[in-house]
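Chemist: Sending over a structure as structure tokens; questions will come in a sec.
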Ligand SMILES: [Zn+2]
């Protein structure tokens, strides 16, 4: 019995010493102050790679006199650990709450580092679909290879502690927050966060600045509608899911909007004339977007998914 206990302890110990959390990132994760209470860190341009160590998405945090609210947790546990270290340089307030914009790998693999601190995780309930999907399992397996050692066997997919149903408001330390359900758009569970006193909007992946958006199996029609809703919120400062912060939301939403419109227009025409995807893709001019970061990694699959989406939209009309 004693032997078994010792053996288990040893196992636990070696698992703990090998945990991915212990392998620090060397990329710079530097908070930018946006307003009296709100900050963000900006991921590097392009798709996730071992060069950027998976640091290609943004995250934000809001320091209130009653604790810290974090918006998204970056793409690996070590990146989240670094974000926590940076937050600790700014405040000793406890990190109480983590809001998940949506359940895509580059925004959620850091959750476990915050959970270990005792933070509560909130997300829109449609995130459950992703957690239960093969896509989630496959993506994690793929990232365990492509982003090793920062993503490894100890990296887990974490559910929310509280699944939200729709729009939600809360208060912390005298500051007021609105969580606005924007999905289904970029994902079924998209949620944006507004810090009312600071007039700061964290948009999640509804907005990409300075790179080709990741469309995946997004509902681009609903996404375009959500962009209009986002504009009506009239933020002074908008933090996109990827790319630079914006102080001029209308102009900076344009890239995401124009790209989605262009995909729908070109792939829609191809579907209407029953042109095969390969031919339509080769014939389409991508001049306007091909110089942007992440074009090579994302454009073809974005176009293909849009092609399939336009086919199914066409079928629904019939
Ligand atoms: Zn995303």
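The values are calculated or read from the model by the stated rules, or taken from the named source; none is laboratory data. As the structure is a prediction and not an experimental result, all values here were calculated from the model. Note that we place each Cβ from the backbone using ideal geometry, even for glycine, and neighbour counts take in every protein chain shown.
Chemist: Exactly one of (1) in contact with a helix residue (DSSP H, G or I) (Cβ under 8 Å, 6 or more places away or on another chain); (2) in a strand (DSSP E or B) is unmet by residue 156. Its number?
Modeler: (2)
Chemist: To continue, here is another question. From the list 245, 239, pick out the single residue that is surrounded by fewer than 21 Cβ atoms within 10 Å (Cβ to Cβ) and under 23 Å from the mean Cα position of the chain (by Cα).
Modeler: 245
Chemist: Would you confirm whether any residue within the stretch 259-276 is more than 15 Å from the chain's Cα centre (by Cα) and within 15 Å of the ligand (Cβ to nearest atom)?
Modeler: yes
Chemist: I want to confirm something. Restricting to the stretch 219-245 and keeping residues that are within 13 Å of residue 38 (Cβ to Cβ) and in a loop (DSSP other than H, G, I, E, B), which single residue is nearest to the ligand (Cβ to nearest atom)?
Modeler: 245
Chemist: Here is a list of conditions, (1) away from the ligand (no atom under 14 Å from the Cβ); (2) at pLDDT below 95; (3) surrounded by 15 or more Cβ atoms within 10 Å (Cβ to Cβ); (4) on the phi < 0 side of the Ramachandran plot, and residue 155 meets all of them except one; can you say which number that is?
Modeler: All conditions are met except number (2).
Chemist: Under 6 Å between Cβ atoms, which residue pairs at least 6 apart in sequence (or on different chains) link something in the stretch 212-226 that is over 16 Å from residue 303 (Cβ atoms) with a partner that is modelled with pLDDT of 90 or more and away from the ligand (no atom under 13 Å from the Cβ)?
Modeler: If the second residue must be modelled with pLDDT of 90 or more and away from the ligand (no atom under 13 Å from the Cβ), the pairs left are 224/260.
Chemist: Okay, moving on. Please go through the stretch 248-289 and pick out each residue that is in a loop (DSSP other than H, G, I, E, B) and either touching a helix residue (DSSP H, G or I) at 6+ places or on another chain (Cβ under 9 Å) or surrounded by 18 or more Cβ atoms within 10 Å (Cβ to Cβ) (or both).
Modeler: Of everything in the stretch 248-289, those that are in a loop (DSSP other than H, G, I, E, B) and either touching a helix residue (DSSP H, G or I) at 6+ places or on another chain (Cβ under 9 Å) or surrounded by 18 or more Cβ atoms within 10 Å (Cβ to Cβ) (or both) turn out to be 273, 275, 276, 284, 285, 286, 288, 289.
Chemist: How many residues are within 16 Å of the ligand (Cβ to nearest atom) and either farther than 30 Å from residue 171 by Cβ or part of a loop (DSSP other than H, G, I, E, B) (or both) when one looks only at the stretch 99-146?
Modeler: 17
Chemist: Find the residue count for the stretch 28-47, including only residues that are without any contact (Cβ under 8 Å) to a residue 60 or more places away in the chain and either in contact with a strand residue (DSSP E or B) (Cβ under 7 Å, 6 or more places away or on another chain) or crowded, with 17+ Cβ neighbours inside 10 Å (or both).
Modeler: 7
Chemist: Give the stretch 45-66 a look and list any residue that's closer than 17 Å to residue 113 by Cβ and more than 13 Å from the chain's Cα centre (by Cα), or say none.
Modeler: Residues satisfying the conditions are 53, 61.
Chemist: Could you list, in sequence order, the residues of the stretch 177-218 that are assigned to a strand (DSSP E or B) and near the ligand (Cβ under 10 Å from one of its atoms)?
Modeler: If the condition is that a residue be assigned to a strand (DSSP E or B) and near the ligand (Cβ under 10 Å from one of its atoms), then 204, 205, 206, 208 are the ones that fit.
Chemist: Now for a separate question. How about the stretch 56-74: which of its residues are away from the ligand (no atom under 15 Å from the Cβ), out of contact with any strand residue (DSSP E or B) (no Cβ under 6 Å at 6 or more places or on another chain) and either on the phi > 0 side of the Ramachandran plot or not in a strand (DSSP E or B) (or both)?
Modeler: Across the stretch 56-74, the qualifying residue is only 65.
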